[in-house]
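Just below is one structure, and these are the notes that go with it.
The values are calculated or read from the model by the stated rules, or taken from the named source; none is laboratory data. These numbers were taken from a predicted model, which means no experiment stands behind them. Don't worry about glycine lacking a Cβ; one is built from the backbone with ideal geometry, like all the others, and counts go over all protein chains shown. The protein model used for the area step is the full one, side chains on, heavy atoms only, and it has no ligands, DNA or RNA in it. Shrake-Rupley method; radii C 1.70, N 1.55, O 1.52, S 1.80 Å.
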Amino acid sequence: MFIYLSKKIAIPNNIHLKCVSWNKDQGFIACGGDDGLLKVLKLETQTDDAKLKGLAAPNNLSMNQTLDGHSGAVQVVTWNEQYEKLTTSDQNGLIIVWMLYKGAWYEEMINNRNKSVVRSMSWNADGQKICIVYEDGAVIVGSVDGNRIWGKELKGNQLAHVAWSPDSKILLFGMASGDVQIYDNQGNFIMKMTISCLTNATGAVSIAGIHWYAGSGGYVEPDCPCLAICFDNGRCQIMRYENDENPVCIDTMMNVVSIQWNHCGSVLAVAGCLRASNVEKEFNVVQFYTPFGEHLRTLKVPGKQMSGVAWEGGGLRIGLAVDSHIYFANIRPDYKWGYCCSTVVYAYTKPERQEHCVVFWDTKNNEKFVKYVKSLMSITTSGDFCILASKADDTQPQDAEVESGSHSRYVLILCNSIGTPLDTKHIDIDPLFVTMTKTHVIAASKEAFYLWQYRVAKKLTALEINQVTRTKKEGRERVYHIDSNPSGASDSGPDFAKSFPATRDPICSITATDKTLIVGRESGTIHRYSLPNVVLIQKYSLNSRAYHLSLNCNSSRLAIINIAGVLSLLDLDVSVSSDDGSGNQASAGDPSKFERKDVWDMKWANDNPDLFAMMEKTRMYVFRNLDPEEPIQTSGYICNFEDLEIKSVLLDEIMKDPERPNKDNLINFEIRSLRDSRTLIEKVGIEDASQFIEDNPHPRLWRLLAEAALEKLDLKTAEQAFVRCNDYQGIEFVKRLGNLQSEPMKQAEVAAYFGRFEEADRMYLDMDRRDLAISLRIKLGDWFKVLHLLKTGSGDSDDALLEQAYNAIGDYFADRQKWVNAVQYYLQGRNQERLAESYYMLEDYDGLERLTATLPENHKLLPDIGQMFATVGMCEQAVKAYLKCNQPKAAVDTCVHLNQWNKAVELARTHNMKEIKSLLSKYASHLLEKNKILEAVELYRKAHHFLDAAKLMFKIAEEEAQKRSRPLRVKKLYVLAAHLVENYHEQVKMSQQSKAKEKKSEATFALAGLLEEDASSADSRIVDNAWRGAEAYHFFLLAQRQLYGGYTENAMRTALHLREYEDVIPAVEIYSLLAVCATASRAFGTCSQAFIKLESLESLGPEQRQLYEGLALEIFTKHSPKDSRAFQLESSMDGPEGKLPTCIVTGLPIQEYQFWMCGTCKHCASEQEISKYNCCPLCHAPVG
């Protein structure tokens, strides 16, 4: 931070000022003084020049109004920024509230208690309430509209100061005795504040000021001290909250008059007077402190008696009331910022977030990347990289902590120019000063400095990366105490214990280049070390403490800005000849006579060791060999100085709206030699300019000359100039120009070289060289223009070129995900590969299918298209694509992948592929392992392995039957299994037909099929008796249906038929059903036989058998075991030609010669009965 006096305004009639206040939002300055003096001023920036912004712009008084109303001396002035009101009070106790109306201030309200004088007034943070304290102990709290909220008399207390807490819940009252009492916002006493800073103080004290920063601009770090209480004897304490038991205590060693925080709570200004020990006279000063009590700067102010201090809203200026003058001082804040790789990195605080918001603003593309860092301490940049130093987050464990067993307190984060963290280091020393070179980061506390040789992975080969991982981490980090004398020997790893011993002469600044490290100490001693091996080469002694150090590009000269803002230079490359052996003070490197005052920033040129730019107040000076050029008015911070151009950034303007940085706030300045050369070229001529540049050589000037010579087609001078600035491409271009005959052609080439492509285009077309215009546009990648030129050309344009243009435009749209437009151009450009991709991205599968059809066989694109179809589950289309490019294996794999096993098996058979069976069985066994039997059945069925499917299905049906599931379900399972067997029969028959070479009768096919079945099928039982299970359960269900329907005799006959199926349905079930049906139809003879069978069953236990016997006894004691009608059962079941078929509708034998047979299951029914049905009762096939 640097501060200097910039302006002085005199109050008429030499009226002494008593108080001053600066409106933070609107910029009005109110000052009150003797004889009722009250003035409102406003400093307005008035400039038409875009570069003259901020402090550099001229400031004039846009308002200078005297407010009449007070008769006595005005002692208190305070602003209400939210409501644009000014509240003032004089020695008579008169309070006036002023309001702004049509650009002038008018009285709005007046109040006079007539009892006592107002000592202090304070508006709360939102401007809704004002608290007024009187000397006699009266307190009044009022609202913004003039209504009294409450009043209170604090008896026995003489009040002097009042302050609101940021949340408006607490009021602090400062007493004339020096006590501070804490009250709530309703006037109830809470407690008396502990004042720690007055320990060991003697004599009476009074409070000079209480200011509680409301957090409107965010906080420097979480839990930051913000309540400042200062006493007239110079003692001050800064607290985190009203009952903070551990406040920051400062002894300013001055008589304090007034204090105030800046807009973001980062700097506290303490104004008063200082009595020098050796001088009788007192002089006015303003001391600046951080919230943690660190002293930043001292500003001496002329005049006798200072009475007030006020910050401007942006924190860039401070107003001081001294005697009958207002002095203004400009402040150059130490922003946390840096510049790397055309990116400005800066940090600011937001009220709503605890972290610092770090913005990486790419000035080339005007893009910004934001990163949030807790407790950020500094930003340092070099080359393409940036170091963010911060306090370690206590909540997160660290690698370093795990390794060392202790908690590292600070973190260094290495970032690239878009804020991506590349590496971090946890360190134990406080990084108060950080500098970096292309290879090292150096961080210093007051006692020690730490070196980290950083590496960036992208620049390492695989071999180097391996070496890095093998080498110990210690080789990259070292720590040295400032009082040690490093010899460059291979030190062990970073021993942070070295860094803790205190030193009498602390470090105050550091800087480094690739080969030199400079460390400044508070006594004025400067240490020079070599890098990368740290060896103390020399010590130099200066008269003052260095604040900012900077080395030029070849490390031959050091620039030093001291704490008072004086810039001096020190030559390092003078031969060393030291008489005294201690080497503490060398005769070499005495400071030169160069000296400049009020300097707050400087930058050496990156490419010239004798060139540097510096900021002196609001002027920028450029020095060449210590000779200054005429200054430039600006208040920017210097980013970069290269190629005779200075890049400067107006950080003050950016910080006004840090979320939206504007390119207008980045300014390029050309130094005089560049400006002069340009003027000479334009106004005098190339020859004179050439002579001037010869006398003041610089690559940038030669390039300027070369470009000017090219414009005038002075090829000889251009070539010489390109040679002087080592521009090989330029030399080649000049040679190419020399080979051209036509003058207009040369001019067109030069226009293209300078990027004036439209002009070059026009020239080529005027020469009727459309081909050159096209090739220029092709080089530029402007394919729209190429297409336009090709279409507008007379005659036939080159088809290949036209296709190339269409495809390039297609690529342009594809890159932007505009696939619809891309398709149109790819179609015209016949680019089938990209067309396929575009269709796929658009999900236009019809288009993809059409494309497949148009492609020739074995086209390289077909497998890719097949893959595209496969990924979206379109099996048929994928197979077509694969078969077209002769990849049946891929087609089969796709079918398998998409579960289309029938297609897979069919393809495998067609193309004689053996592995499909193993694949199928593997997948089936996988399903069976997971007990997914039905899925396995479906798999086999789809793959046309009907017999395997049927086996599984029979297994399921048998398991369900054993579980005694519902008979209908079991019947359905048996029917499904039988259907699968029928499918198997059909398959065998078809395969025989296809095998037959010559024509044979259908009977022969069937016979051959049956023979094959017989030969191949080991499971002939399943094949032969496929319908047996279905029949059994069909009749079992039919018998019960008939029984419940009242057809008892038919039920009994069906039950008798069930006796043939004891292998399918348990005998207990069959004979129990038969006994029930026989009893119901009063056929007790048949019933008796059923009971005999039941009692003889081995599967029954003794208890069940006993139950059956008891039931039989009960029945047959009532009824004799004879049938009521004689059933000719055995005879009726047999016909003249053997056993009669059973009707599947009624369960009775069919006596007629004409009957119906199902085409699917081959079961019979009487024609009369089946006519009532649409489907076969057994297999459910439609009745034909």
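Among the residues of the stretch 867-877, those that are part of a helix (DSSP H, G or I) and either farther than 15 Å from E837 by Cα or open to solvent by 40 Å² or more (accessible area, probe 1.4 Å) (or both) comprise Q867, T871, C875, E876, Q877.
Condition (residue is open to solvent by 20 Å² or more (accessible area, probe 1.4 Å) and either more than 30 Å from S690 (Cβ to Cβ) or among the aliphatic types (A, V, I, L, M) (or both)) applied to the stretch 636-654: is it met by at least one residue? Among the residues of the stretch 636-654, at least one is open to solvent by 20 Å² or more (accessible area, probe 1.4 Å) and either more than 30 Å from S690 (Cβ to Cβ) or among the aliphatic types (A, V, I, L, M) (or both), which makes the answer yes. One residue alone among G293, G272, G217 is among the small types (G, A, S) and over 44 Å from the mean Cα position of the chain (by Cα), and that residue is G272.
Among the residues making up the stretch 299-311, those that are free of Cβ contacts under 8 Å to residues at least 60 places away in the same chain and surrounded by 16 or more Cβ atoms within 10 Å (Cβ to Cβ) are G303, M306.
Take Y346 and tell me if it is of a type outside the set (D, E, K, R), closer than 30 Å to I379 by Cβ, assigned to a loop (DSSP other than H, G, I, E, B) and in contact with a helix residue (DSSP H, G or I) (Cβ under 8 Å, 6 or more places away or on another chain). For Y346, the condition - of a type outside the set (D, E, K, R), closer than 30 Å to I379 by Cβ, assigned to a loop (DSSP other than H, G, I, E, B) and in contact with a helix residue (DSSP H, G or I) (Cβ under 8 Å, 6 or more places away or on another chain) - is not met. Go through the stretch 1-27 and give me each residue that's closer than 18 Å to M306 by Cα and charged (D, E, K, R). Those that are closer than 18 Å to M306 by Cα and charged (D, E, K, R): K7, K8, K18. Of the residues making up the stretch 16-39, those that are under 21 Å from Y83 (Cβ atoms) and out of contact with any Leu (no Cβ under 9 Å at 6 or more places or on another chain) are C19, W22, K24, D25.
Every residue, every condition in (1) in contact with a Leu (Cβ under 7 Å, 6 or more places away or on another chain); (2) farther than 30 Å from T871 by Cβ; (3) hydroxyl-bearing (S, T, Y), yes or no:
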residue: A760; (1), (2), (3): yes, yes, no
residue: M767; (1), (2), (3): no, yes, no
residue: A822; (1), (2), (3): no, no, no
residue: R830; (1), (2), (3): no, no, no
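Yes/no per residue for (1) open to solvent by less than 60 Å² (accessible area, probe 1.4 Å); (2) modelled with pLDDT of 80 or more; (3) not in a helix (DSSP H, G or I):
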{"residue": "A891", "(1), (2), (3)": "yes, yes, no"}
{"residue": "A908", "(1), (2), (3)": "yes, no, no"}
{"residue": "L928", "(1), (2), (3)": "no, no, no"}
{"residue": "L934", "(1), (2), (3)": "no, no, no"}
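Inspect the stretch 1079-1091 for any residue being open to solvent by less than 10 Å² (accessible area, probe 1.4 Å), under 20 Å from P967 (Cα atoms) and outside the structural domain of L1148 (by the TED database) and give the result as yes or no. So far as the stretch 1079-1091 goes, no, none of its residues is open to solvent by less than 10 Å² (accessible area, probe 1.4 Å), under 20 Å from P967 (Cα atoms) and outside the structural domain of L1148 (by the TED database). Considering the stretch 1153-1173, and only residues there that are part of a loop (DSSP other than H, G, I, E, B) and of a type in the set (G, A, S), the residue that is modelled with the lowest pLDDT turns out to be G1159. Can you name the residue in the stretch 1065-1098 that is assigned to a helix (DSSP H, G or I) and free of Cβ contacts under 8 Å to residues at least 12 places away in the same chain and, of all such residues, is nearest to F1036 (Cα to Cα)? Applying the filter and picking the extreme gives Q1089.
Screening A822 against (1) surrounded by fewer than 17 Cβ atoms within 10 Å (Cβ to Cβ); (2) within 30 Å of L787 (Cα to Cα) leaves a single unmet condition, (1).
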